[in-house]
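Asker: Handing you this structure, nothing more for now.
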Amino acid sequence: MRAGPDRPEDEIVAGTLTLRRHRLSDRPELVAAVNASLAHLAPWMPWAELRATDASIGTFLADSVSDFDDGTNFGYVMLHRDEPTSSEVLVGGCGLHPRLGPGAIEIGYWVHAAHLRRGIARAAALALRDEAFSIGIGRVEIHCDEHNTASAAVARSAGFEFIATTPRPAR
């Protein structure tokens, strides 16, 4: 169900991948997925420098649910559906982040370490791009560290054009 004329859907289906807005009940699976993925996420995601806990993910999810409701940020879990069994597995997270100013939005994504290099991030980026355009966003961007070749490859494979390298303070 669409929350308003300029808000994304609560659930976006892209083949066997479903992007579903965060729920408080995602906590156990999200804690496990983040902790299983810390080694490959920590170089690129400041939030992945510490182990996830029930408390930290609980706070994150409460904030995410509130932000989605308020229309200030749109976070999703990525669920992959296994065709033979129709069971869904949490394979990462993504979102539409309106932090670029009016008429623009940024796509973010991360994939569980056990599900890398299967086209999941690309499928999510394409689905989020299409959703952003469908709600009237005029410019969609993906930002990544210049050394994060995997994320840059996702952006390229999803048809995004490299625009610039922007320096930012070291962490």
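The values are calculated or read from the model by the stated rules, or taken from the named source; none is laboratory data. As the structure is a prediction and not an experimental result, all values here were calculated from the model. Every residue, glycine as well, gets a Cβ built from its backbone with ideal geometry; the counts of neighbours run over all protein chains shown. Areas reflect the complete protein model, heavy atoms only, side chains present, ligands, DNA and RNA absent. Shrake-Rupley method; radii C 1.70, N 1.55, O 1.52, S 1.80 Å.
Asker: Can you sort Thr85, Thr53 by 1.4 Å-probe accessible area, starting with the largest?
Answerer: In descending accessible area the options line up as Thr85, Thr53.
Asker: Quick one: what are the phi-derived ³J(HN,Hα) couplings along the stretch 155-160, Karplus 6.51/-1.76/1.60 with θ = phi - 60°, whole Hz, x for glycine and proline?
Answerer: For the stretch 155-160, the Karplus-derived couplings read 4, 4, 5, 8, x, 7 Hz, x marking Gly and Pro.
Asker: Sticking with this structure for a sec: Based on the alpha-carbon set only, what is the convex hull volume of the stretch 5-46 divided per residue, in Å³?
Answerer: 137 Å³
Asker: Quick one: what does P(r) look like for the stretch 1-148 with 5 Å bins over all Cα pairs, in whole %?
Answerer: The percentages, shortest bin first, are 2, 10, 19, 23, 22, 15, 8, 1, 0.
Asker: Hey, can you find the accessible area per residue of the chain for me, probe 1.4 Å, expressed in square angstrom?
Answerer: Ligands and nucleic acids excluded, the result is 56 Å² per residue.
Asker: At a 1.4 Å probe radius, which order do Met78, Met45 fall into by accessible area, largest first?
Answerer: Solvent-accessible surface, decreasing: Met45, Met78.
Asker: Something else now. Using protein chains only and a probe of 1.4 angstrom, how many square angstrom of His147 are accessible, to the nearest 10?
Answerer: Its accessible surface works out to 130 Å², give or take rounding.
Asker: Once you have the Cα-Cα distance between Leu24 and Asp69, take 0.36 nm times their residue separation minus that, and quote the gain in nm to one decimal.
Answerer: The Leu24-Asp69 span can extend by a further 14.9 nm.
Asker: Which one of Leu24, Leu126, Thr85 is farthest out on the positive end of the charge dipole of the chain, using unit charges on Cβ (Lys, Arg +1; Asp, Glu -1) and the Cα centre as origin?
Answerer: Of the options given, the answer is Leu126.
Asker: Now for a separate question. Can you give me the solvent accessible area of Asp6 with a 1.4 Å probe, rounded to the nearest 10 Å²?
Answerer: 100 Å²
Asker: Additional query: Which whole-number percent of Cα pairs in the stretch 76-171 have a distance greater than 18 Å?
Answerer: Percentage above 18 Å: 50.
Asker: A follow-up question, please. With a 1.4 Å probe and every protein chain kept in, tell me what percent of the accessible surface of the chain is carbon plus sulfur.
Answerer: 55 percent
Asker: Calculate, in nm to one decimal, what Ala164 and Ile135 gain on full extension: separation in residues at 0.36 nm each, minus their alpha carbon distance.
Answerer: 7.9 nm
Asker: Using Cα pairs under 8 angstrom and six or more residues apart, how large is the relative contact order of the chain, in percent?
Answerer: Across the chain, relative contact order equals 20 percent.
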